[in-house]
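Structure record follows, encoded as structure tokens.
Rule-based calculations on the coordinates, nothing more; no lab input. These figures come from a predicted structure and were not determined experimentally. All Cβ positions, even for glycine, are placed from backbone atoms using ideal geometry, and neighbour counts span all protein chains on display.
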């Protein structure tokens with residue numbers, strides 16, 4: 001963790017290394033609004049929009065961006081400009097907990113970048129957001145300046161509605177920005193972390209207590225698997241329960257291991273997993289893991305995928 | 001199947017569509033010779049060498065190329081030129097059956113190409129090879145002109161050593177080239193087919209009869225799974241048995257299904273599968289199948305792989 005925030009102009013790592021940035025925004029239903037967001041982001045030079053994954057029940061979208069630290073900062077500022085026009089937390093109701101219109105903004109090092117680069121990018125972006133939009137910003141995970149702010153769940157407890165009371169406490173002075181919740185944007189959490197897999201398992205029951213029990217069993221904080229965060233939610237649109245999970249380090253607990261455990265716990269609750277979705281993107285190593293487990297070999301890599309090698313050759317040839 | 005071979009100059013599909021070509025060559029041990037092959041292929045303009053996978057026990061390498069029909073024809077001719085200098089079948093001993101220094105040359109349609117394009121490319125290349133190198137060439141699979149030449153196993157039966165006797169029979173006049181086995185290159189089989197997965201499962205036994213029994217059980221032709229070809233082989237370098245398989249249509253029998261069956265049959269033979277390797281490349285749909293089976297959802301696609309999307313953006317941006 002650095003002691004003082006770098007100036008917003010100086011946040012590019014010398015190598016121009018590539019970072020991923022995965023803002024989660026509190027809009028998952030309005031296709032017109034999301035189309036406007038895509039256009040806004042497409043207009044930022046050098047910014048790569050890799051994916052946009054909305055969820056109607058969560059009323060939340062996962063935006064996956066890539067670029068240099070400077071480009072991503074500009075992209076996040078464009079995202080905030082869009083949010084001031086399209087998101088009003090006072091009217092936001094969705095099953096997923098949130099404190100902000102732009103709820104969380106994690107930076108992830110890609111090839112050529114280090115976690116220190118990602119932390120520097122987070123700090124520069126946090127400072128820029130706070131200044132431009134006049135809202136409280138908290139640094140979390142690898143960018144956290146205090147241990148009690150490391151976990152998103154701890155910062156987000158009480159949600160948007162409970163934040164004014166939280167802000168009044170001396171312990172909760174923001175890392176950047178005013179000591180006043182923004183009326184429509186709320187607050188924002190910015191940080192740096194390793195790749196995270198967002199996995200939602202739908203259960204064959206409408207009973208959300210079953211989903212919560214499964215979540216409790218797999219969640220690291222309540223005695224479950226390493227690196228697993230989990231919530232039990234009810235999906236209005238489908239009338240069924242869902243275990244919504246984050247796998248924060250797939251090298252410690254694999255996707256295969258996690259899903260096997262979820263299935264076992266679901267059966268223990270008298271139900272079963274209907275299907276599981278991966279939200280947003282994940283690294284090849286994580287997504288090839290089930291195949292490697294089947295082959296009992298780590299030898300297989302993404303460069304054995306035909307279309308991958310074609311893309312590689314294509315990007316070299318030009 | 002077309003009735004007359006197109007002239008070699010006219011084998012490009014009008015769209016310039018991309019094809020894959022996967023020659024298997026009878027050299028899997030000599031790194032210097034294989035390095036010379038790579039340099040030879042790199043010198044062919046527009047040819048993309050996607051992969052080169054040698055196998056010491058099989059004494060065979062799988063070369064994965066991509067390009068237009070014309071480019072691939074030039075690549076295969078360069079491959080043959082290399083083979084005349086580096087491969088002499090009279091001295092070739094490996095556990096994998098072969099009839100040629102360049103044993104088989106399948107063309108596979110990629111995006112924008114049809115099977116008819118692949119067949120046309122096969123015919124044009126077959127004609128060019130026969131003319132330039134004066135050896136018998138047989139068309140197989142989708143390019144076959146007679147039903148008894150559809151399957152590679154039927155053309156290859158008797159191997160290189162038994163081919164002079166085979167060629168003497170009226171039924172085995174080649175599709176192109178002289179009625180005389182080339183002294184060092186043998187004969188070559190050229191054709192067109194769908195993607196094929198080459199999968200080798202190592203067993204925890206040195207007993208090759210166990211591997212042959214497993215092969216017999218999973219092989220379609222002997223009552224096994226649809227689209228599966230299999231051989232039981234002994235690997236000198238490892239001192240163990242191997243079930244060497246081709247999955248000719250992973251949409252009919254999936255990799256998951258095939259490997260589950262191999263494991264069950266291995267146990268039935270009192271042994272087990274130690275590990276499995278995929279040789280060469282395979283399409284994303286086939287390699288993501290174990291993950292999709294785990295998720296119980298076909299929704300996940302390669303565009304959810306971070307590095308894939310980055311490659312896509314990279315190849316577009318330039």
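The sole residue among A:50, A:65 that is closer than 21 Å to residue A:152 by Cα and within 14 Å of chain B (Cβ to nearest Cβ) is A:65. With A:235, A:203 as the choices, which residue is within 14 Å of chain B (Cβ to nearest Cβ) and within 24 Å of residue A:56 (Cα to Cα)? One residue alone meets the criteria, A:203.
For the range A:281-306, which residues satisfy the criterion of being farther than 15 Å from residue A:251 by Cα and either in contact (Cβ under 8 Å) with a residue 40 or more places away in the chain or more than 7 Å from chain B (Cβ to nearest Cβ) (or both)? Result: A:281, A:301, A:303.
Residues in the range B:203-218 that are under 16 Å from residue B:255 (Cβ atoms) and surrounded by fewer than 21 Cβ atoms within 10 Å (Cβ to Cβ): 0 in all.
Taken together, the residues in the range B:103-146 that are assigned to a loop (DSSP other than H, G, I, E, B), away from chain A (no Cβ under 14 Å) and buried (at least 19 other Cβ atoms within 10 Å of the Cβ) amount to 5.
Identify the residue in the range B:259-273 that is buried (at least 17 other Cβ atoms within 10 Å of the Cβ) and more than 17 Å from residue B:227 (Cα to Cα) and, among all such residues, is nearest to the other protein chains (Cβ to nearest Cβ). The extreme case among them is B:273.
Scanning the range A:84-102 finds no residues that are over 22 Å from residue A:33 (Cα atoms) and in a loop (DSSP other than H, G, I, E, B).
Okay, residues lined up against (1) assigned to a strand (DSSP E or B); (2) surrounded by fewer than 20 Cβ atoms within 10 Å (Cβ to Cβ); (3) out of contact with any helix residue (DSSP H, G or I) (no Cβ under 8 Å at 6 or more places or on another chain):
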residue	(1), (2), (3)
A:29	no, yes, yes
A:32	no, yes, yes
A:36	no, yes, no
A:52	yes, yes, no
A:58	no, no, yes
A:65	yes, no, no
